[in-house]
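K.L.:
Just dropping this structure here.
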Amino acid sequence: MKKILTVAFAMLIASGAMAQDNGEKKNPNAPVFTTIKEIPITSVKDQNRSGTCWNFSTLSFFEAEILKATGKTYDLCESFVENKTYMERAIQVVRYHGDCQFAQGGSAEDVLATLKTHGICPEEAMPLPGTLYGDSLNNFNEFFSLLEPYVAAVAKNSAKKISNQWKVGLQGILDAYLGECPETFTYEGKTYTPKSFAASLGIDFNDYVSITSYTHHPFYTGFAVEVQDNWRFPLSYNLPMDEMMRVIDNAVEKGYTVAWGGDVSEEGFTRAGLAYSIDTKKTESLAGSDMARWLKMTAAKKKSIIDSLGCTVPEIVPTQELRQERFDNWELTDDHGMLIYGVAKDQNGKEYYMVKNSWGETGDYKGTWYMTKNFIAANTMDFLVNRNAIPKDIRKKLGI
């Protein structure tokens, strides 16, 4: 999932009072949220200048799963997962002689595979993000400017045979910027290995499955979603869109969070903490302009019009056919990972998912995004969920 997002124009709808000293009136369309269901989660983190939303969102998901199962709060270490994942991804790139992508992005499967294979450690068992190179948060600019050409040089080597020393060199870069993964550590007075620590967390890592919804594969079967950062090729169960959404709703109702991955490059996803699946044609019509005039408007003017519409902005009604069309023509892309942890409604009764981001306590809601159900249905790539959160009739269809 790529951190850099291309947003055509921003719809910045203020959640607080808009009245200023000049007597400007409060926008009656600014959303006012009432929480319907909120699941306990751990604190908001900041991935900063790193393409690691996949890691922050999925570890946050497992922290919530542990909290639900045991009542204990953990801060699991992102650097541990990154250190293990980037080495394993580099090995694959070398095996393919460079004919696949090496990048900062990844998927929820990378975190799950690390937990199963290598275990995990708490945040405090490794250097805090950025501290090894004099920063207070992740900044992968220098790190990956070294890592990417190193992997490419090995993968595209013209030698008939290469040694394993390239792994030693790569591990040195990983350890220099992320820290060495501990073989043992002490936590709350007990000594653990990463594997024994993972085993002590009170959840079964075999309980987790991935869900998606497309028509180019049969429903109720599994397939590897065709995006570059899905490099481990894990299978996602393919459901009709309405059943995919039922899984999310049932999960939240039963107290389970959802590790969501999808497209946030749409114009309705804002930096203020809101996400609407905007129907541009209806929006320009409500603004009293024809399409030709609308297209010529500046981004600031469009923002002002949409801002005034607030939570009454028209939304596209997502369909299975539209999802497939947007996926096939590259409109529905794999941009970002976040954590769905609740449901709220606005003053008009429209329901939104409460979604934890990994950009620090930014936006109008301190790191939470309110994303309409239409937006999630239209823009979901796939998501990781506890199999026990899936409705029984759907589990029966999937054979799980």
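The values are calculated or read from the model by the stated rules, or taken from the named source; none is laboratory data. Bear in mind that the values here come from a model prediction, so they are computed numbers and not experimental data. Here Cβ is always computed from backbone atoms with ideal geometry, including for glycine, and neighbour counts include all displayed protein chains. Surface accessibility is based on the protein's heavy atoms, side chains included, excluding ligands, DNA and RNA. Shrake-Rupley method; radii C 1.70, N 1.55, O 1.52, S 1.80 Å.
K.L.:
Which numbered condition in (1) in contact (Cβ under 8 Å) with a residue 60 or more places away in the chain; (2) open to solvent by 20 Å² or more (accessible area, probe 1.4 Å); (3) part of a loop (DSSP other than H, G, I, E, B) is the only one that Asp175 fails?
P.N.:
(3)
Here is a yes/no grid of residues against (1) of a type in the set (A, V, I, L, M); (2) surrounded by fewer than 22 Cβ atoms within 10 Å (Cβ to Cβ); (3) modelled with pLDDT under 95; (4) not in a strand (DSSP E or B):
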site	(1), (2), (3), (4)
Gln324	no, yes, no, yes
Trp330	no, yes, no, yes
Met354	yes, no, no, no
Asp364	no, yes, yes, yes
Trp369	no, no, no, no
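Yes/no per residue for (1) among the charged types (D, E, K, R); (2) touching an Asp or Glu at 6+ places or on another chain (Cβ under 8 Å):
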site: Glu82; (1), (2): yes, no
site: Val93; (1), (2): no, no
site: Gly98; (1), (2): no, no
site: Ala103; (1), (2): no, yes
site: Val111; (1), (2): no, no
site: Leu115; (1), (2): no, no
site: Gly119; (1), (2): no, no
site: Ala125; (1), (2): no, no
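K.L.:
Also, quick follow-up: Among the residues of the stretch 104-158, how many are hydrophobic (A, V, I, L, M, F, W, C), under 26 Å from Asn230 (Cβ atoms) and touching a Ser or Thr at 6+ places or on another chain (Cβ under 6 Å)?
P.N.:
Residues flagged as hydrophobic (A, V, I, L, M, F, W, C), under 26 Å from Asn230 (Cβ atoms) and touching a Ser or Thr at 6+ places or on another chain (Cβ under 6 Å) within the stretch 104-158 amount to 3.
K.L.:
If I filter the stretch 105-124 down to residues being part of a helix (DSSP H, G or I) and among the polar types (S, T, N, Q), which single residue comes out as surrounded by the most Cβ atoms within 10 Å (Cβ to Cβ)?
P.N.:
Restricting to residues being part of a helix (DSSP H, G or I) and among the polar types (S, T, N, Q), the top hit is Thr114.
K.L.:
Also: Restricting attention to the stretch 125-140, does a residue exist that is assigned to a helix (DSSP H, G or I) and under 24 Å from Phe383 (Cβ atoms)?
P.N.:
Within the stretch 125-140 (the criterion being assigned to a helix (DSSP H, G or I) and under 24 Å from Phe383 (Cβ atoms)), the answer is no, since none of the residues qualifies.
K.L.:
I've got another one for you. Can you tell me which residue among Phe62, Phe56, Phe80 is closer than 27 Å to Gly172 by Cβ, open to solvent by less than 40 Å² (accessible area, probe 1.4 Å) and within 15 Å of the chain's Cα centre (by Cα)?
P.N.:
Selected residue: Phe56, the only one of Phe62, Phe56, Phe80 that is closer than 27 Å to Gly172 by Cβ, open to solvent by less than 40 Å² (accessible area, probe 1.4 Å) and within 15 Å of the chain's Cα centre (by Cα).
K.L.:
Looking only at the stretch 128-151, which residues are open to solvent by 50 Å² or more (accessible area, probe 1.4 Å) and either within 19 Å of Leu170 (Cβ to Cβ) or in contact with a strand residue (DSSP E or B) (Cβ under 9 Å, 6 or more places away or on another chain) (or both)?
P.N.:
Passing the criteria: Leu132, Tyr133, Asp135, Leu137, Asn141, Glu142, Ser145, Leu146, Glu148, Pro149, Tyr150.
K.L.:
In addition: Could you grab me the full set of residues in the stretch 83-104 that are touching a residue at least 60 places away in the same chain (Cβ under 8 Å) and open to solvent by less than 10 Å² (accessible area, probe 1.4 Å)?
P.N.:
Asn83, Tyr86, Arg89, Ala90, Val93
K.L.:
How many residues, within the stretch 244-265, are within 15 Å of the chain's Cα centre (by Cα), open to solvent by 10 Å² or more (accessible area, probe 1.4 Å) and not polar (S, T, N, Q)?
P.N.:
Total meeting the criteria: 0.
K.L.:
Could you grab the pairs with beta carbons closer than 6 Å, sequence gap of 6+ or different chains, first residue in the stretch 190-205 and under 16 Å from Leu384 (Cβ atoms), second one open to solvent by 60 Å² or more (accessible area, probe 1.4 Å) and of a type outside the set (Ser, Thr, Tyr)?
P.N.:
These pairs meet every condition: Ile203/Ala69; Phe205/Lys116.
K.L.:
For the stretch 210-226, enumerate the residues that are out of contact with any Ser or Thr (no Cβ under 8 Å at 6 or more places or on another chain) and open to solvent by less than 60 Å² (accessible area, probe 1.4 Å).
P.N.:
Tyr214, His217, Thr221
K.L.:
Find the residue count for the stretch 36-54, including only residues that are in contact with a strand residue (DSSP E or B) (Cβ under 8 Å, 6 or more places away or on another chain), closer than 13 Å to Asn357 by Cα and not β-branched (Val, Ile, Thr).
P.N.:
Adding up the residues that qualify gives 5.
K.L.:
Can you spot a residue in the stretch 308-315 that is in contact with a Lys or Arg (Cβ under 6 Å, 6 or more places away or on another chain) and surrounded by fewer than 19 Cβ atoms within 10 Å (Cβ to Cβ)?
P.N.:
yes
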